[in-house]
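The values are calculated or read from the model by the stated rules, or taken from the named source; none is laboratory data. In this text the structure is predicted, and so the values were computed from the model without any measurement. Because the Cβ atoms are built from the backbone with ideal geometry, glycine has one as well, and the counts that use them run over all protein chains shown. When the accessible area is computed, the model is the full protein with side chains, heavy atoms only, and any ligands, DNA or RNA have been set aside. Shrake-Rupley method; radii C 1.70, N 1.55, O 1.52, S 1.80 Å.
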Amino acid sequence: MLAHDRQARIVRMVGERGVVAVSDLATAFDTSESTIRRDLDRLAHERRLVKVHGGAMALERAHLTRDLTLPDRYGLHAGEKDAICRLAATLVGPDDFVYLDAGSTVEALASLLAPTRAAFATNSVSTALVLAAKGLRTIVLGGELVDATKALSGPDTTEAIARYNFTLGFWGTNGVTAEAGFTVQDRGEAAVKSAALARCARPYVLADASKLGRRSLITYAPLEAATLVTAGDVPAQWRDREGVVVADGAGIGDNGPVDDD
């Protein structure tokens, strides 16, 4: 088997199982563990999976328990993120004061925003740069920079948030379940998300279907605290749930345009 074909099959196998040991991969592909380790080194470098002790983990699974870097996140479910963000962009009005959370999905939303006199506040350095490049009025909240996510966090960030009253806001999440609500893996990130959401009149959480039914370590808000905008292979129990909007590629919800009155 060619290395390229074996590596593609490794990615599929890890994606299906979530976590796979080196020994299991060596057996499955009838090759040595040293060859598998070289394959995993290459695939991790290409951001197609995450190496862990003794094996490999799917990026989506890793996102529930650790901070993936922004480049790791950018390629995950790009089509679904685009559909979600096209819908979310239609919600921004000219008189809004909008909070934008850190994360790849919300950053993708920033890149789709049209010129507007609306104002934006964010704890994401990378999102702030996107907004500024578009000529949008941007407030960058203070705090300690987290290198992996390019987000500002800590007490300085939550104190800055407490001064503002947002009319509209958009958040990301690592996982979402009916029981645990919206969850992330880091306490500092959860504290910032909770503080900002509490200051927002119309909060939306943006999450593709792969995050539905998955639970990360820390809840930052119950499910009913925000409208969930999702896309992709959304199970019926989520499509039928109040407060959930399923987006298509044209920025339209499953029951027509989102009513944001």
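Name the pairs: first residue in region 8-32 and assigned to a loop (DSSP other than H, G, I, E, B), second residue open to solvent by 50 Å² or more (accessible area, probe 1.4 Å), Cβ to Cβ under 7 Å, at least 6 apart or on different chains?
Gly18/Arg61; Phe29/Met1
Would a scan of region 163-177 turn up a residue that is farther than 30 Å from Ala236 by Cα and surrounded by 20 or more Cβ atoms within 10 Å (Cβ to Cβ)?
Among the residues of region 163-177, at least one is farther than 30 Å from Ala236 by Cα and surrounded by 20 or more Cβ atoms within 10 Å (Cβ to Cβ), which makes the answer yes.
For region 115-131, which positions are in contact (Cβ under 8 Å) with a residue 12 or more places away in the chain and more than 16 Å from Gly93 (Cα to Cα)?
Thr122, Asn123, Ser124, Val125, Ser126, Thr127, Ala128, Val130
Test Leu145 against the criterion of being touching a Leu at 6+ places or on another chain (Cβ under 8 Å), buried (at least 19 other Cβ atoms within 10 Å of the Cβ) and hydrophobic (A, V, I, L, M, F, W, C), and give yes or no.
For Leu145, the condition - touching a Leu at 6+ places or on another chain (Cβ under 8 Å), buried (at least 19 other Cβ atoms within 10 Å of the Cβ) and hydrophobic (A, V, I, L, M, F, W, C) - is not met.
Suppose the filter is out of contact with any Gly (no Cβ under 6 Å at 6 or more places or on another chain), closer than 24 Å to Ala89 by Cβ and at pLDDT 95 or above; does Arg199 pass it?
In short, yes.
Given the condition surrounded by fewer than 19 Cβ atoms within 10 Å (Cβ to Cβ), on the phi < 0 side of the Ramachandran plot and of a type in the set (Ser, Thr, Tyr), answer yes or no: does some residue in region 99-118 qualify?
Within region 99-118 (the criterion being surrounded by fewer than 19 Cβ atoms within 10 Å (Cβ to Cβ), on the phi < 0 side of the Ramachandran plot and of a type in the set (Ser, Thr, Tyr)), the answer is yes, since at least one residue qualifies.
Specify the residue that is nearest to Val92 (Cα to Cα); the eligible residues are those in region 132-172 that are of a type in the set (Gly, Ala, Ser), assigned to a strand (DSSP E or B) and out of contact with any Lys or Arg (no Cβ under 9 Å at 6 or more places or on another chain).
Ala151
Please work out which residue is nearest to Pro155 (Cα to Cα), limiting yourself to region 114-131 and to residues that are hydrophobic (A, V, I, L, M, F, W, C) and in a helix (DSSP H, G or I).
By that ranking, first place goes to Val125.
So which residues in region 86-97 are under 18 Å from the mean Cα position of the chain (by Cα) and either assigned to a strand (DSSP E or B) or buried (at least 21 other Cβ atoms within 10 Å of the Cβ) (or both)?
Within region 86-97, Leu87, Ala88 qualify.
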